[in-house]
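Below: the structure, in structure tokens.
The values are calculated or read from the model by the stated rules, or taken from the named source; none is laboratory data. Note that this is a predicted model, so its numbers are computed, not measured. Cβ placement follows ideal geometry from the backbone for every residue including glycine, while neighbour counts extend to all protein chains displayed.
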Amino acid sequence: MNRNYSELLAAYRSIWNHRALDQAGEASQTILTESINRELLDENSHPRIRKSKEVKYYFAIKRILESSLSMERQHELIKLYTDQLEHLRNT
């Protein structure tokens with residue numbers, strides 16, 4: 001599947017609008033996948049209150065589905081989250 005990471009990053013930013021994602025010179029794909037990994041690993045929370053990857057995945061998918069993004073964009077983000085969760089589980 002050919003993904004337009006610039007458009008997916010814009011969609012991600014529209015849902016998580018308070019996240020600092022500006023990383024000058026990095027590709028949209030890198031910024032997006034690193035942001036999703038940080039989200040799934042709950043790295044934005046204190047270590048004592050971190051939730052599991054699966055719980056963070058659930059809340060991310062719920063947020064995506066409740067967003068005003070098009071169904072196509074929602075599906076693409078969900079697929080990317082699923083791919084990243086599988087990657088994290090296998091590493």
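One residue stands out in region 1-30 among those that are of a type in the set (A, V, I, L, M) and modelled with pLDDT under 70: the one that is nearest to ASP83 (Cα to Cα), namely MET1.
For region 13-33, the criterion of being on the phi > 0 side of the Ramachandran plot, in contact with a helix residue (DSSP H, G or I) (Cβ under 7 Å, 6 or more places away or on another chain) and free of Cβ contacts under 8 Å to residues at least 24 places away in the same chain is met by no residue. State yes or no: is SER45 within 23 Å of THR91 (Cα to Cα), hydroxyl-bearing (Ser, Thr, Tyr), within 10 Å of the chain's Cα centre (by Cα) and modelled with pLDDT under 95? For SER45, the condition - within 23 Å of THR91 (Cα to Cα), hydroxyl-bearing (Ser, Thr, Tyr), within 10 Å of the chain's Cα centre (by Cα) and modelled with pLDDT under 95 - is not met.
Here the helices (runs of 4 or more DSSP H) wholly within the chain that include at least 1 residues being surrounded by 12 or more Cβ atoms within 10 Å (Cβ to Cβ) and among the aromatic types (Phe, Trp, Tyr) are 5-15, 53-65, 71-89.
Every residue in region 32-50 that is more than 18 Å from HIS87 (Cα to Cα) and not aliphatic (A, V, I, L, M), please.
Correct list: ASN44, SER45, HIS46, PRO47, ARG48, ARG50.
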